[in-house]
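Enquirer: Next up is a structure, given as structure tokens.
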Amino acid sequence: MKTVILDARRLLCPMPVIRVQDRVADLEPGTRLEAFCTDPGALIDIPAWCRINGHRVVETRTEGDDYIVLLEVGRNGNG
Amino acid sequence: MTRQPKAVALVSGGLDSLLAVKVVQDQGVHVEGINFFTGFCVEGHTHAIRKKEKAKPKRNNALWVAEQLGIKLHILDIIEEYKEVVFNPKHGYGANLNPCLDCKVFMVRKAHEWITRNGFDFIVTGEVVGQRPMSQRRDTMPVVSRESGADDLLLRPLSARNLPETIPEREGWVDRERLYGFSGRSRKPQMELAHHFGFEDYAQPAGGCCFLTDANYSSKLADLWQFRGSKSYEIDDIMLLKVGRHLRPRPNFKVIIAREEGEGRFLQGYRKQYVNLETLSHPGPLALIDGEASEEDIQLAARLVARYSKGRGDDRVELQVSGLDGVSHRLAVVPLSAAEVPESWYL
Ligand code: SF4
């Protein structure tokens, strides 16, 4: 399965969400997107954005200074 | 119209837009939200920076509102376009550098463009007549409708019965009788309506939806414009105005000093863009220099940073100075005394 990487480090919320939203708009349903962020707020905001817009959060984790969200693009389009 | 009417709502994350959407949703309208990110918004990130606010939930209120309502939310990055609104507001500024009326016109215009592009029927906002001194007055609310180009496609469900009938009402997409006639500064009617709908835990921002209504923030922005010689900013500038202690010892540079660990971590991200100082001999804050600083200026900045370190009472504090080329050198200085830091340096 294809996983697209998005570097949203150093951006403050809501910019990581906006970057995810704009990237997801160009992706096919079922594609996975892994967003690397440094604002811990991203771990709350990106999953909230996913719930609202019908995408699935596969995993959230932290690695060093990174807060990482892995999501799968949902059927009903963008954000 | 046989199909379900569709509206887009300006969702700030506050109570009024939450209620406005709920009112039209209850009348069978399909609603989606738009939230604008200008760079000045008072949202989760300031909480993310400051460690002492860690206990607070770091939610984004606009997303939270959308989730409560079960609507989609489109967050639009308008940082670049918004600059013109901040630099040259036709209707001027409010109490601080907040161009509220122009800002509202701009946002409703963007929403109007959005509905045209996306095949939606009308626009909803949470505005209430008389609620805000600049953009929500009886005489300025028609200005928003007119200058945005939305005209009577703009519905304010909380105040509609105080305002002329709009297209959504005339067309029967919503029933005017089931809209509200709130007016004035009191928040009581909104709170009662929130209670009626069962909304709890909503955000109630004190001043306004953005940092431009904050006197302290506005004076730092005015300082930036004054010393750059023109009204200009980049996103990093306006983000940094939200963080740290800002002191301007000389016209050509200012020093941004982290106030605690969270801010220090945030400033770390800017180390490649700004000359920066870090204490080596004692625990102390990370600081950035904004402007063109000479060797002498850097020496002064170092003494200032030393003052905010644990070495402030010692005769000698050692720091590391890192330049834009990534090259670092060590510097030993005598910390400034309290008397050597005049009040006028603080922005
Ligand atoms: S407070 Fe800020 S975001 Fe809100 S209307 Fe005024 S300028 Fe615009």
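Enquirer: Suppose we filter A:D7, A:D65 for residues that are surrounded by fewer than 16 Cβ atoms within 10 Å (Cβ to Cβ) and either within 16 Å of B:D77 (Cα to Cα) or modelled with pLDDT of 95 or more (or both); which single one remains? Explain how you work it out, then say what you get.
Expert: On the way: A:D65 fails: either within 16 Å of B:D77 (Cα to Cα) or modelled with pLDDT of 95 or more (or both).
Answer to the selection: A:D7.
Enquirer: Looking at region B:68-105, which of its residues are within 13 Å of chain A (Cβ to nearest Cβ) and hydrophobic (A, V, I, L, M, F, W, C)?
Expert: Those that are within 13 Å of chain A (Cβ to nearest Cβ) and hydrophobic (A, V, I, L, M, F, W, C): B:L69, B:I71, B:L73, B:I75, B:L76, B:I78, B:I79.
Enquirer: What about B:E113, is it free of Cβ contacts under 8 Å to residues at least 40 places away in the same chain, under 21 Å from the mean Cα position of the chain (by Cα) and either more than 14 Å from chain A (Cβ to nearest Cβ) or surrounded by fewer than 18 Cβ atoms within 10 Å (Cβ to Cβ) (or both)?
Expert: no
Enquirer: Looking at (1) modelled with pLDDT of 95 or more; (2) in a loop (DSSP other than H, G, I, E, B), which is the one condition that is false for B:D325?
Expert: Only one criterion is unmet by B:D325, namely (1).
Enquirer: Out of region B:82-127, which residues are in contact with a strand residue (DSSP E or B) (Cβ under 9 Å, 6 or more places away or on another chain) and more than 13 Å from the ligand (Cβ to nearest atom)?
Expert: B:A111, B:H112, B:W114, B:I115, B:N118, B:G119, B:F120, B:D121, B:F122, B:I123, B:V124
Enquirer: For region A:23-79, name all the residues that are more than 9 Å from chain B (Cβ to nearest Cβ), assigned to a helix (DSSP H, G or I) and either of a type outside the set (K, R) or in contact with a helix residue (DSSP H, G or I) (Cβ under 7 Å, 6 or more places away or on another chain) (or both).
Expert: A:V24, A:I46, A:P47, A:C50
Enquirer: Of all the residues that make up region B:156-186, how many are out of contact with any Pro (no Cβ under 6 Å at 6 or more places or on another chain) and assigned to a loop (DSSP other than H, G, I, E, B)?
Expert: Of the residues in region B:156-186, 16 are out of contact with any Pro (no Cβ under 6 Å at 6 or more places or on another chain) and assigned to a loop (DSSP other than H, G, I, E, B).
Enquirer: Let me ask you something else. Which of the residues spanning region B:208-256 are in a loop (DSSP other than H, G, I, E, B), more than 16 Å from the ligand (Cβ to nearest atom) and farther than 26 Å from B:E295 by Cβ?
Expert: Of everything in region B:208-256, those that are in a loop (DSSP other than H, G, I, E, B), more than 16 Å from the ligand (Cβ to nearest atom) and farther than 26 Å from B:E295 by Cβ turn out to be B:S230, B:S232, B:E234, B:V243.
Enquirer: Return the total of residues in region B:18-37 being away from chain A (no Cβ under 14 Å) and either at pLDDT below 95 or more than 16 Å from the ligand (Cβ to nearest atom) (or both).
Expert: 9
Enquirer: Quick check on my filter: what residues within region A:32-47 are under 15 Å from A:V58 (Cα atoms) and either surrounded by fewer than 17 Cβ atoms within 10 Å (Cβ to Cβ) or touching an Asp or Glu at 6+ places or on another chain (Cβ under 7 Å) (or both)?
Expert: Result: A:R32, A:E34, A:F36.
Enquirer: If you don't mind, another one. Quick one: B:F40 ticks every box in (1) more than 17 Å from B:D201 (Cα to Cα); (2) surrounded by fewer than 24 Cβ atoms within 10 Å (Cβ to Cβ) bar one, so which box is it?
Expert: The failed condition is (2).
The values are calculated or read from the model by the stated rules, or taken from the named source; none is laboratory data. Every value quoted in this text rests on a predicted model; they were computed, and no experiment measured them. Cβ coordinates were reconstructed from backbone atoms using ideal geometry, including for glycine residues, and neighbour counts include every protein chain displayed.
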